[in-house]
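One structure is given here, and the rest of the page talks about it.
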Amino acid sequence: MATAPRGRLVLVATPIGNLGDLSPRAVEVLRDAAVILCEDTRRTRTLLSAAGIRGAGRLEALHEHNETTRTPAILDAVASGTLAALVCDAGTPGISDPGQRLVAAAVASGLEVSTVPGPSALLAALVVSGLPTDRFVMEGFLPRRGAERSARLDALHREERTCVLFESPRRVAETLAALVQVLGPERRACVARELTKLHEEIVHGTLGELAARYGGVEVRGEVVLVLAGAAPMAHRTATDAELLAALAEARAGGLSTRDAVAEVASVLGVARRRAYELATRGAPEP
């Protein structure tokens, strides 16, 4: 009895800018795959054409709007012996791109999942940032507004690991300004723009310096922000009573509420949101 062909889902990393970064093994898998799942069929068709790979009849869109509905059919195909390649528009699929839910479902179904590693904007920016790489965290895109954004910014204020963020070029100045407000202007950071492309730009400095550089400037291309971690907290967390006393002292010294909050939060190592809430709410109920 003939053995049924073994299907496989392969995550294939693709160039983040320079087409020369497509590996020989990536070319091999993309050439052999029965189906190539991609965010944008037009962009992937251009990549395949540049590598001399035929794409006709094999490209299928898989993006944030259809990943959930398309997953069962893809799993059935892989279970039946199909070699399916998964790519994103640039870099490693599943990192702030579609694919994570499909991979989780494939693993849960006991299907074979493998990868052809390669380009990654996350790692590329991290290693050129000059910041510690032994412990880091990927934060992806920050929420655009509201309580969720404030909570994430507060978490960054306390995070001791190097942090990597993705950001739209249209919001770089706004995000850097927000980071200055929460993390302070002296935190070290790096802006990596258009990595591996003709107009690659890697700028190191403090958040204050970077916010000044990019404020009011039209930014183009893909952007990755890398932030130094917070200094380790060697002391216990300040109590509400201690914060209120420090806030009162700062305001008695002539500082506005906003400036008092910033100073106390920095000195005592607490989130600005907590200090601000106490400054505006007053002493907690006994």
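So for the chain, what are the equivalent ellipsoid semi-axes in whole Å, largest first, each being the square root of 5 times an eigenvalue of the Cα gyration tensor? Before the final figure, lay out each step's value.
Working: eigenvalues 421, 94, 44 Å².
Over the Cα atoms of the chain, the ellipsoid semi-axes are 46, 22, 15 Å.
What number results when the radius of gyration of the stretch 94-207, computed over Cα atoms, is divided by 2.2 N^0.38 Å?
On the way: Rg = 16.1 Å, N = 114, 2.2 N^0.38 = 13.3 Å.
The reported ratio for this selection is 1.21.
Just want the answer: with Cβ charges of +1 for Lys and Arg and -1 for Asp and Glu, which residue in A252, A178, I202 is farthest toward the dipole's positive end in the chain?
Positive-end residue among those listed: I202.
In nm, to one decimal, how far is the R31 label point from the E242 one, both placed 7 Å along Cα→Cβ?
6.5
Dividing the Cα convex hull volume of the stretch 8-119 by residue count, how many Å³ per residue is that?
Looking at the stretch 8-119, the number lands at 88 Å³ per residue.
Given just the C-alpha atoms of the stretch 240-281, how large is their convex hull per residue in cubic angstrom?
Measuring per residue, one finds 54 Å³ for the Cα hull of the stretch 240-281.
Report the far tail of the P(r) of the stretch 151-286, meaning the percent of Cα-Cα pairs longer than 28 Å.
Numbers: 2472 of 9180 pairs.
Tail of the P(r) past 28 Å holds 27 percent of the pairs.
Given 0.36 nm per residue, what is the gain on full extension from D134 to T206 after removing their alpha carbon distance, in nm?
Values: separation 72, 0.36 × 72 = 25.92 nm, distance 2.06 nm.
The D134-T206 span can extend by a further 23.9 nm.
Mind checking the dipole of the chain: about its Cα centre, +1 per Lys or Arg Cβ, -1 per Asp or Glu Cβ, Debye to the nearest 20? Intermediate values should be presented prior to the final figure.
Working: 33 positive and 34 negative charges, 78 e Å.
So the dipole magnitude of the chain works out to roughly 380 debye.
Per DSSP H run of n ≥ 4, the term is -39500 (n - 2.57); total these for the chain, divide by its residue number, and report the mean residue ellipticity at 222 nm rounded to 500 deg cm²/dmol. Mind dumping the intermediate values first?
Details: 11 runs with 117 residues, N = 286.
That comes out to -12500 deg cm²/dmol.
Could you list the square roots of 5 times each eigenvalue of the Cα gyration tensor of the stretch 145-188, that is, the equivalent ellipsoid semi-axes, sorted largest first and rounded to whole Å?
Numbers: eigenvalues 49, 35, 23 Å².
Semi-axis lengths for the stretch 145-188 are 16, 13, 11 Å.
Select from L30, G118, G55 the residue farthest towards the positive end of the dipole of the chain; place +1 on Cβ of Lys and Arg, -1 on Cβ of Asp and Glu, and compute about the Cα centre.
Projecting each Cα onto the dipole axis, the largest value belongs to G55.
Taking Rh as the Kirkwood radius computed over C-alpha pairs, what is the Stokes-Einstein D of the stretch 213-266 at 4 °C in a medium of viscosity 1.567 mPa s, expressed in µm² per second?
Numbers: Rh = 14.6 Å.
D = 89 µm²/s.
State to the nearest 20 debye the size of the charge dipole of the stretch 8-119 about its Cα centre, where the only charges are +1 on K and R beta carbons and -1 on D and E beta carbons.
Magnitude of the dipole: close to 260 debye.
Quick check: residue separation of N18 and S114 times 0.36 nm, minus the Cα distance between them. What number comes out in nm?
Details: separation 96, 0.36 × 96 = 34.56 nm, distance 2.38 nm.
Residue separation times 0.36 nm, minus the Cα-Cα distance, leaves 32.2 nm.
Let me check against my output: what whole-number percent is the relative contact order of the chain, with C-alpha pairs under 8 Å and at least 6 apart? It would help to have the intermediate numbers written out before the result.
Numbers: 491 pairs, mean separation 49.5, N = 286.
Here the relative contact order equals 17 percent.
Here, each number is a calculation from the coordinates, and none is a lab measurement. Given the structure is predicted, the values throughout are model-derived calculations rather than measurements. Ideal geometry is used to build each Cβ from the backbone, glycine not excepted, and the neighbour counts take in all protein chains shown.
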